[in-house]
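Right, one structure below, let's go through it.
The values are calculated or read from the model by the stated rules, or taken from the named source; none is laboratory data. What you are looking at is a predicted structure, and each value in this text was computed from that prediction instead of being measured. FYI the Cβ positions are ideal-geometry reconstructions off the backbone, even for glycines, and counts take in every protein chain you see. The area values use the complete protein model at the heavy-atom level, side chains included, leaving out ligands, DNA and RNA. Shrake-Rupley method; radii C 1.70, N 1.55, O 1.52, S 1.80 Å.
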Amino acid sequence: MNVDYAICGTRNSIIGLPKGLEILAKGGSALDAVEESIKLIENNPFDITVGFNGFPNLMGIVELDASIMEGKTRKAGAVAAVKNYRNPISIARKVMELTPHAMLVGDGAERFAKALGFQEEEILDELGIRNYHNIMEGKSLDIPPEAQKLVRELFMHFDVHLKEVMEEYPVKEWYRKLSFDKHGTTNVIALDQDGELATGVSTSGLAMKFPGRVGDSPIFGAGIYCSSKVGSACTGTGELAIRLCTSRMVVERVHQKIAIEKAAEMGILELKDLNEEGVLHILSMDKSGKCVGVTNKSGLFHYYADSTSEGPVKKASTYIGL
Ligand code: GLY
């Protein structure tokens, strides 16, 4: 492959990739292309897995995670469990550029954002609140009838009922089911005309997560990694990618001269070691613009565009049944 620039993203990234492509076409940086693409995805009120109107936690509060990483320098910035800011990707970039740190969480990240002039706002509108209530009332969740009352009490009075619910009902089991469809994340990887790579990730994480739960998306090595040769990121059940350090493993395999398709496939095959239910999708792109998506859930896809294409093209991700 020989392209001047390229960009790829997960299935919900189509709303942002054209902007990233435009930036790359004008000679802009991979970092800018990643950030600006992800901002548009975070601003989309109909994407209930990222940014504005993202899935709330058990208490009905949206807590967002995001990260960005530059390949050449391996500089990295992330925020986790951030409330009331719709563009965590931009806060993450400021963490990378302005602080001596790689990650800020919760109150600290919010204070940092406020100090830099990011706009604080309510990030659930009527649609987002209705989605939350639908899940809470069991309308879009597979909770056995006998457990519904308990789970509703957990939703409404987390602090009072958590211990009781966990003793009486296999909450872990319920989350395992939930994690098949009640999460979503965006990954964007860009290659600019200088041959530099950057990777970014943003998510509201698992729907109805415990307050304070942080997934793989802001964790370097797990849900995101980027070197000068290859970028990699994950969507799906974040706990799996955290436990396997998936993104760094994929990058490392490419550094060991394993083909990028094989490197990502090995990341999915490693799930067998955990013997857990859950979905993982790995998106990787190398500095030649070669992009792969590999997953253990059938029917998933990603988008890709480069200097030779008119716009993002939908590509089926490789399915590996485990
Ligand atoms: N992969 C996103 C999350 O688990 O939070």
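Values computed for the structure shown
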read-out: Sulfur and carbon atoms: percent of accessible area, the chain [1.4 Å]; value: 51
read-out: Rounded accessible area of GLU168 (nearest 10 Å², 1.4 Å probe); value: 120
read-out: Partners for LYS287 among aspartates and glutamates (Cα-Cα distance below 15 Å; same-chain residues under 8 apart left out); value: ASP4, GLU70, ASP192, ASP194, GLU196, GLU252, GLU261, ASP306
read-out: List MET59, MET285, ordered by accessible area with a 1.4 Å probe, largest first; value: MET59, MET285
read-out: 22 Å Cα cut-off, lysine pairs counted over the stretch 33-143 (separation 8 or more, or different chains); value: 9
read-out: THR49 - accessible surface, heavy atoms, 1.4 Å probe, Å² rounded to 10; value: 20
read-out: Heavy atoms of ARG130: accessible area, 1.4 Å probe, square angstrom to 10; value: 130
read-out: Anisotropy class of the stretch 236-322 from Cα gyration tensor, a/c 1.5 cut; value: oblate
read-out: The chain, accessible area per residue, ligands and nucleic acids excluded (1.4 Å, Å²); value: 42
read-out: The stretch 15-46 and the stretch 247-297: distance between their alpha carbon centers, rounded to Å; value: 24
read-out: Prolate/oblate/rounded label for the stretch 1-101 (Cα gyration tensor, a/c 1.5); value: oblate
read-out: CD proxy at 222 nm, helix term only [per DSSP H run n ≥ 4: -39500 (n - 2.57); per residue of the chain; nearest 500]; value: -10500 deg cm²/dmol
read-out: Per-peptide average of other Cβ atoms within 10 Å, ordering 266-273, 92-99 highest first; value: 92-99, 266-273
read-out: Reachable lysines from LYS272, criterion Cα separation under 26 angstrom, eight or more residues apart if same chain; value: LYS172, LYS177, LYS182, LYS209, LYS257, LYS262, LYS297, LYS315
read-out: Cysteines having no other Cys beta carbon under 4.7 Å from their own, within the chain; value: CYS226, CYS234, CYS245
read-out: Order of exposure, largest accessible area first, which applies to LYS26, LYS229 with probe 1.4 Å; value: LYS26, LYS229
